[in-house]
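Derivation of every value follows stated rules applied to the coordinates shown; laboratory data play no part. Just so you know, these numbers come straight off a predicted model, no measurement behind them. Ideal geometry is used to build each Cβ from the backbone, glycine not excepted, and the neighbour counts take in all protein chains shown.
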Amino acid sequence: MNKYQIAVIVGSLRHDSFNRKLASAVVKLAPSEFSFKQVQIGDLPLYNQDDDAHQAESVKRLKNEIKSAQGILFVTPEYNRSIPGVLKNAIDHASRPYGQSAWAGKPAGVLGASPGATGTAMAQQHLRNILATLDMPTLGQPEAFIQAKDGLFDEHGNIGSSSKQFLQNWMDQYVAWVKKHAA
């Protein structure tokens, strides 16, 4: 069993999402003591505070997967210069009811890819603001605003040679961050 279990939250539901591909590829750069599991968020109902006392089974599953993880990796696209609604919905569900947040204290890393030249800079900044209020120590450097273009992935779905050194450095920093902050 790996020492560090990481919950991966991909903020896109699209099957061929750049960010889902990025999440699947970047985790291969981690050491063997780390394991990663993409957490399903597409089956969550819309958050409604009236449901806090009787959370759906999908919400309970999400919270349990987060609680059992030693760290969280968010991989988000940018929708209208912010995070997708499905990601915000998942964040809200796992933070409620008040005082019972599954996120508190979990070390986080934030990545994202977009065809645009600035990658997902705005979405990542918005997400970092949210994570701060959730009491999640979040890796600040290096930032990774990745442009999804030819060569980002090789023919096998791994990180391509032109981005591998940068993303290996990012992963090395994330691994050190999780080790430093994991309970």
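Miscellaneous remarks
- Reported to the nearest whole Å, the Cα centre-to-centre distance from the range 43-110 to the range 112-183 is 19.
- Residue with peak Gaussian network fluctuation, the chain [Cα springs, cutoff 10 Å], from GLY157, GLY112, GLY11: GLY157
- On Cα atoms only, tilt of 57-67 relative to the major axis of the chain in degrees: 60
- The charge dipole of the chain, taken about its Cα centre with unit charges on the Cβ atoms of Lys, Arg (+1), Asp and Glu (-1) only, comes to about 320 debye.
- When each of LEU131, LEU139 is scored by the number of other beta-carbon atoms lying within 10 Å, the sequence from fewest to most is LEU131, LEU139.
- Along the axis of the charge dipole computed for the chain (Cβ charges of +1 for Lys and Arg, -1 for Asp and Glu, origin at the Cα centre), the listed residues SER163, GLY109, PHE34 are led at the positive end by PHE34.
- Among beta bridges from DSSP that stay inside the range 4-181, the antiparallel ones total about 10%.
- Residues VAL110, VAL27, ranked from the fewest to the most other C-beta atoms within 10 Å, line up as VAL27, VAL110.
- Translational diffusion coefficient of the range 4-181 (Stokes-Einstein, Kirkwood radius from Cα pairs, 4 °C, 1.567 mPa s): 79 µm²/s.
- Neighbour-count order for GLU155, GLU78, GLU65, GLU143, fewest beta carbons within 10 angstrom listed first: GLU155, GLU143, GLU65, GLU78
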